[in-house]
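Here is the structure we will look at, set down as structure tokens.
Every read-out reported here was derived from the displayed coordinates using simple, explicitly stated rules and does not represent laboratory data. Just so you know, these numbers come straight off a predicted model, no measurement behind them.
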């Protein structure tokens with residue numbers, strides 16, 4: 001009789017331990033809703049903060065870069081599972097278009113390894129101040145919500161987006 005009670009207690013303990021491990025594994029599983037993607041909205045080519053996203057474009061054979069409005073900048077950089085390239089530009093500058101095309105190329109080349117976010121400095125001076133941006137266009141890399149490196153365009157007499165790409169690679173992103 002004691003042997004049966006012992007076996008029942010042992011089996012109950014083993015089942016309880018298995019359930020406890022299973023529940024712990026489920027509760028520790030990363031919630032897919034915690035992804036930065038839930039803070040990125042609809043396609044918008046006039047948003048003052050946008051994420052460049054490589055996607056299949058309607059009526060195109062190859063995927064390309066689309067701009068998606070960033071609904072919550074702080075949550076995007078806090079939950080991003082990859083480094084974030086911040087591209088600071090001015091909507092008042094006609095020179096931005098050429099640089100933006102080069103940044104799109106960077107976003108394509110480093111798709112899946114880097115999230116590219118464009119920020120209009122005319123609309124988001126608080127972010128400009130936070131990252132100590134002194135000239136535009138300029139760039140900063142944020143990793144796990146912390147500033148990893150700034151390009152500091154003001155320190156260059158002349159630079160191209162190839163220089164920016166090489167700087168990104170020097171930061172260990174490739």
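What the Cα atoms of segment 73-174 give is an Rg and a Dmax of 12.6, 35 Å.
Taken as Cα centroids, segment 59-91 and segment 105-156 sit 11 Å apart, rounded to the nearest whole angstrom.
Can you tell me the length gained on complete extension of the stretch residue 60 to residue 145, counting 0.36 nm per residue apart and subtracting the Cα distance? Extra length available between residue 60 and residue 145 comes to 27.1 nm.
Let a ≥ b ≥ c be the square roots of the eigenvalues of the Cα gyration tensor of segment 28-125; is it rounded (a/c under 1.5), or, if not, prolate (a/b larger than b/c) or oblate? Taking the square roots of the gyration eigenvalues as a ≥ b ≥ c, segment 28-125 is oblate.
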